[in-house]
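Trainee: Before anything else, here's the structure in question.
The values are calculated or read from the model by the stated rules, or taken from the named source; none is laboratory data. Note that the coordinates shown come from a computational prediction; the quantities given were computed from them, not determined experimentally. In this analysis, Cβ positions are derived from the backbone assuming ideal geometry, glycine residues included, and neighbour counts consider all displayed protein chains. Each accessible area value is taken on the protein alone, full model and side chains, heavy atoms only, with ligands, DNA and RNA left out. Shrake-Rupley method; radii C 1.70, N 1.55, O 1.52, S 1.80 Å.
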Amino acid sequence: MEYGYDLLEWLGPDASTSVFSYLNDPADLVRATAVSRSWRQFIITNGLSKTLCMKLCPEVSYFTGIKEVATSTKKAKQDCSSSDKEWREHERDHKIYIYLSSHLVTPRGTNNCISYCIGASSTDNYPEEIIENTLDSTLSYWSSSGQVDPTVLESLTYQLNFDLGFVDKISIQPFKAFFQLDDPIYSSKYVRFKMGYSKSPNMSTNFKLDQGRLTADENYVWTYISPEFPMLQEDIQQAFRLPRPALCIGGVVKIEFLGRIQKQDMDDLFYICIRNVQVKGRALSPVLGVDLSEIKGGCVLKYCPTAWRTAVLDGYVVSGTKVRRNLLQFCALTAWFWWWFVPLYILGIVYVFFPFLISVGHQVLF
């Protein structure tokens, strides 16, 4: 390599950035950082991992910055030059955005991640037909208020069990009124999903009975809005898979029902009734979170490096799911068993067979 040339120096910074912009897999960008020290410095300094992450996941643009939760070891390292501090921040941002991008291109397990209900746009019979019934299909159902106009929109809003994670699909089961003539199914024509965070973190506890204020769009920042999906008028669990895994910032999911189909014969009004709702997703690592305490036109990505150690000690893995403590206890007991039992077992064999070996040896010699 004595007469070799660095491709980045030959192309120049602008052309090199344009070339790297064609990469669509974060693994390729990681491999590029391993080519040479100059490549690594160029990719990290120019924030190419963030550019790739924003291309795969436009919701990342809502992050106004990264807030690192300082620890005692981190505070001890603050006495350094400004250039070293800036480089460490670039490295930190590179790792974070590579991690976010990898969750988009790598399939992972999902489960129902609804924590509790925030509110519904309307409710027909309160509290018999409230939104909480949609969390358990064995219970009753949620019903909207009746409307003469079939185009009146209805919505259900939920809080997920994480403030930062990915959502893959949402399953909805319309309600079939078996107690009415001809067993009508009160579904909607289309369904649409919104994800984001509340402008007031404590809003869900301020006016619980005022469903309209709880679900009003002006009280939320929607970082993701899905396309409209056609809904079948069938009594089945209908799964709506998003075009790509959506980054849910803040953990609020709003389901909008567009267009009413079924009219009730009793009052000649249109209704929408839902039996069950499931939001399938996964939480990100406990290292990453969202700081919504000071919302000024955006949100802050929170980074806590020591959360890895705390999560492992508390029985969590990087995906945020609980590790079965029985497995850990089994491994500990197995190690203890082999540490003590095997030597005792060998001593027992020696104790049992040693007199026999002595007698055989005595007969052979004498």
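Trainee: Quick one: if the Förster radius is 22 Å, what FRET efficiency do THR45 and TYR22 give, using the C-beta to C-beta distance and rounding to 0.05? Present the calculation step by step, with values, prior to reporting the outcome.
Mentor: Working: r = 19 Å, r/R0 = 0.88.
Here the calculated transfer efficiency is 0.70.
Trainee: Moving to a separate point now. Sorting GLU128, GLU256 by accessible area (1.4 Å probe), largest first, what list results?
Mentor: GLU128, GLU256
Trainee: While we're looking at this one, here's another question. For a quick protection proxy, order the peptides 184-197, 108-121 by their average other-Cβ count within 10 Å, most packed first.
Mentor: Order by mean packing, descending: 184-197, 108-121.
Trainee: A further question on this structure: Calculate the FRET efficiency for THR138 and ASN219 from the Cβ-Cβ distance with a Förster distance of 30 Å, rounded to the nearest 0.05.
Mentor: E(calc), rounded to 0.05, equals 0.40.
Trainee: Would you mind computing Rg(Cα) / (2.2 N^0.38 Å) for the range 83-195, counting N as its residues? Please list the in-between numbers first.
Mentor: Numbers: Rg = 20.7 Å, N = 113, 2.2 N^0.38 = 13.3 Å.
Relative to the rule-of-thumb radius for its length, the range 83-195 sits at 1.56.
Trainee: Okay, moving on. On full extension of the chain, what length is gained from TYR116 through ALA34, given 0.36 nm per residue of separation minus the C-alpha to C-alpha distance?
Mentor: My answer for the length gained is 25.0 nm.
Trainee: If I take R0 = 25 Å and measure r between the Cβ atoms of GLN180 and GLU234 in this structure, what FRET efficiency does the formula 1/(1 + (r/R0)^6) give, to the nearest 0.05?
Mentor: Values: r = 16 Å, r/R0 = 0.66.
In this case the efficiency is close to 0.90.
Trainee: Kindly list the residues of the range 214-252 that lie in the label zone of SER171, defined by a backbone N under 11 Å from the point 7 Å along the Cα-to-C-beta vector.
Mentor: Correct set: 237-240.
Trainee: Quick check: with the 1.4 Å probe, what order do GLU132, GLU86 take by accessible area, largest first?
Mentor: GLU86, GLU132
Trainee: In percent, what relative contact order does the range 93-159 have, based on Cα pairs under 8 Å that are 6 or more apart in sequence?
Mentor: Averaging sequence separation for qualifying contacts and normalising by length gives 34 percent for the range 93-159.
Trainee: How much of the accessible area of the range 85-130, in percent, comes from carbon and sulfur atoms when a 1.4 Å probe is used?
Mentor: Whole-percent figure for carbon plus sulfur exposure: 48.
Trainee: For the range 4-63, with all protein chains present and a 1.4 Å probe, just round the carbon and sulfur fraction of the accessible area to a whole percent. Display every interim value, and only then the final one.
Mentor: Working: 2050 of 3600 Å².
Summing carbon and sulfur atoms, their accessible area is 57 percent of the total for the range 4-63.
Trainee: What does the charge add up to near ALA120, with Lys and Arg as +1, Asp and Glu as -1, over the other residues with Cβ less than 11 Å from its Cβ?
Mentor: Taking every other residue near ALA120 into account, the sum is -3.
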